[in-house]
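Notes follow the structure.
Any read-out appearing in this document is the output of simple, stated calculations on the displayed coordinates, not a laboratory observation. Since the model is a prediction, treat every value here as computed from it, not as a measurement. Virtual Cβ from ideal backbone geometry, glycine too; neighbours counted across all protein chains shown.
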Amino acid sequence: MRLLIALIFPWLAFFTIGRPFAGILCLILQITLIGWLPAAIWAAYAVSQFHTDQKIQRALGR
């Protein structure tokens, strides 16, 4: 679900993973039409890293 949000509303994806400052920067980037694609790629990457970090924390038992 977060990946879909990252593709449609990239700035919102950052708020769902607890990175509000990056969300604001992404919103500024997304406002420009040319910046929407890089914002979506950046958000999708951040969401995938968030899931990887969660898996590592579960594996370590934290």
Working from Cα positions, state the angle (0 to 90°, nearest 10) between the long axis of helix 36-60 and the longest principal axis of the chain. 10
By the scheme Lys and Arg +1, Asp and Glu -1, what is the net charge of all other residues having a beta-carbon under 15 Å from that of Y45? +1
Could you order peptides 51-57, 39-45 by the average number of other Cβ atoms within 10 Å of their residues, highest first? 39-45, 51-57
Any chance you could run the full-extension gain for L25 through L3? It's 0.36 nm times the residue separation minus the Cα-Cα distance, nm to one decimal. 6.1 nm
Would you calculate a helix-derived [θ] at 222 nm for the chain, using -39,500 (n - 2.57) for each DSSP H run of n ≥ 4 and dividing by the full residue count, to the nearest 500? -26000 deg cm²/dmol
Ordering of 22-29, 6-13 by packing [mean C-beta count within 10 Å, highest first]: 6-13, 22-29
Over the alpha-carbon set of the chain, divide Rg by the Kirkwood Rh and report the Rg/Rh ratio to two decimals. 1.06
Against the longest principal axis of the chain, how steep is helix 20-31, in degrees 0 to 90 to the nearest 10, with axes from Cα atoms? 30
